[in-house]
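One structure is given below, encoded as structure tokens.
The values are calculated or read from the model by the stated rules, or taken from the named source; none is laboratory data. Model, not experiment: these values are computed from the prediction. As a convention, Cβ positions derive from the backbone with ideal geometry for all residues, glycine included, and neighbour counts pool all protein chains shown.
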Amino acid sequence: MILAVSKLKNPSSPAGGYRGRFAPSPTGPLHAGSLVAALGSWLDARKNGGKWLLRIEDLDTPRCIPEVTQQIQSQLLACGLSWDEEVIHQSQHHEAYLKALERLNGLECLYSCTCSRQMIANTLASLGIDTPRNQEMVYPGTCRPASLMSNGVETVKSLQKAWRMALPQNCLIEFEDLALGPQSQNLNTEVGDFVLRRSDGLFTYQLAVVVDDAEQGITHIVRGQDLLSNTARQIYLQGLLGYERPKYLHLPLVLDEHGEKLSKQTLATQINTQDQKHSLLELRKAAKHLGLKNLPDGENVTIAEWLLAATHAWRS
Ligand code: GLU
Ligand code: ZN
């Protein structure tokens with residue numbers, strides 16, 4: 001009996017061990033902020049003797065720049081951040097997302113919506129709710145039917161309508177962030193019924209990331225804090241789809257001189273990886289941001305030596 005128990009897998013270390021990932025959208029080359037996420041997730045995977053996968057999140061095709069995918073990979077390699085396994089491209093996973101959408105449809109929790117952003121804004125304004133700039137609008141449920149049912153599979157595939165997730169009442173999601181501690185979000189009041197497939201046919205980040213993280217067996221999600229407010233939605237979808245919940249660790253954001261998050265939209269400058277010396281400089285800046293201390297600071301340190309020291313210093 002005791003023997004049998006000792007053979008059971010430790011639930012906190014799944015069969016295949018730690019699997020982490022870095023999931024950039026190829027809308028621009030890596031900047032100081034995305035390097036922090038890449039380095040943090042890489043170090044966490046290496047420290048835990050795990051795998052680190054690269055997934056290109058090229059779903060929002062109008063915003064993606066094909067050459068950038070290659071550029072991001074070259075930048076990562078120049079910094080010594082190599083990945084295990086084949087690179088995955090979300091643009092090639094539509095079938096998987098559609099299957100997940102159909103499964104959710106079978107759970108009678110989807111409805112179609114034809115509201116434009118302007119219509120939603122107007123409805124919210126008429127209800128006396130104003131949404132601060134830069135914040136997402138909480139969908140007021142305009143198109144939500146009184147009783148939900150499963151829509152025909154063909155209907156779910158049809159375009160011209162967005163498909164939203166009908167949230168149950170009091171949908172409070174709680175989770176533990178490995179860096180930030182206990183987190184909670186009320187999806188009803190803070191998010192509202194969110195979109196899984198847009199009217200132009202594109203699957204949303206929320207659905208795709210959940211499907212891919214599960215398909216790739218990701219156990220640890222280490223990413224920037226700008227994505228923290230998406231986590232509850234993702235956990236909720238994981239539950240419905242019967243996926244395991246990964247562990248989460250959200251990293252401090254890099255802000256520009258105006259206190260805004262560095263992003264491709266604000267035209268953040270790309271990191272300079274023209275040679276070893278510059279790449280190491282970028283890595284050192286990222287490590288400083290991550291709060292890593294006592295790393296070798298000599299001129300002649302190689303990237304490999306530096307990364308090894310950083311791995312030892314990571315969250316110890
Ligand atoms: N593709 C997302 C981004 O570039 C990151 C997704 C994630 O790490 O969950 O912001
Ligand atoms: Zn609507």
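If you check CYS113, CYS64, CYS79 for being at negative phi and within 16 Å of ligand 2 (Cβ to nearest atom), only one passes: CYS113.
The set of residues from the stretch 169-196 being hydrophobic (A, V, I, L, M, F, W, C) and in a loop (DSSP other than H, G, I, E, B) comprises CYS171, LEU178, ALA179, LEU180, VAL191, PHE194. Residues in the stretch 140-168 that are within 23 Å of the chain's Cα centre (by Cα) and not in a strand (DSSP E or B) were compared, and the one that is farthest from ligand 1 (Cβ to nearest atom) is ALA166.
Could you check the stretch 50-77 and list, in sequence order, the residues that are without any contact (Cβ under 8 Å) to a residue 24 or more places away in the chain, aliphatic (A, V, I, L, M) and touching a strand residue (DSSP E or B) at 6+ places or on another chain (Cβ under 8 Å)?
Looking only at the stretch 50-77, we keep the residues that are without any contact (Cβ under 8 Å) to a residue 24 or more places away in the chain, and these are 62, 67, 70, 73, 77.
Within this subset, residues satisfying the condition of being aliphatic (A, V, I, L, M) are 77.
Within the stretch 50-77, no residue meets the criteria.
Highlighted here are the helices (runs of 4 or more DSSP H) found entirely within the stretch 52-139 that include at least 2 residues which are aliphatic (A, V, I, L, M) and under 30 Å from ALA287 (Cβ atoms): 66-78. Among residues of the stretch 223-239 that are more than 16 Å from ligand 2 (Cβ to nearest atom), those with a Cβ under 6 angstrom from a residue that is in a helix (DSSP H, G or I) and of a type in the set (S, T, N, Q), sequence gap 6+ or separate chain, pair up as ARG233/GLN206. Give the residues of the stretch 37-80 that are crowded, with 23+ Cβ neighbours inside 10 Å and among the small types (Gly, Ala, Ser), sorted by residue number. Result: ALA37, ALA38, GLY40, SER41, ALA45.
Count, please, the residues in the stretch 199-233 that happen to be small (Gly, Ala, Ser) and within 11 Å of ligand 1 (Cβ to nearest atom).
Of the residues in that region, 2 qualify.
To keep it simple, each residue is scored yes or no on (1) under 21 Å from GLY242 (Cα atoms); (2) surrounded by 19 or more Cβ atoms within 10 Å (Cβ to Cβ); (3) in contact with a strand residue (DSSP E or B) (Cβ under 8 Å, 6 or more places away or on another chain); (4) of a type in the set (Gly, Ala, Ser).
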| position | (1), (2), (3), (4) |
| --- | --- |
| LEU172 | yes, no, yes, no |
| GLN183 | no, no, yes, no |
| ARG197 | yes, yes, yes, no |
| GLN206 | yes, no, yes, no |
| VAL210 | yes, yes, no, no |
| GLN216 | yes, no, yes, no |
| VAL222 | no, yes, yes, no |
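Kindly indicate whether any position in the stretch 197-210 is part of a loop (DSSP other than H, G, I, E, B), modelled with pLDDT of 95 or more and more than 21 Å from TYR111 (Cα to Cα). No, the conditions are met nowhere in the stretch 197-210.
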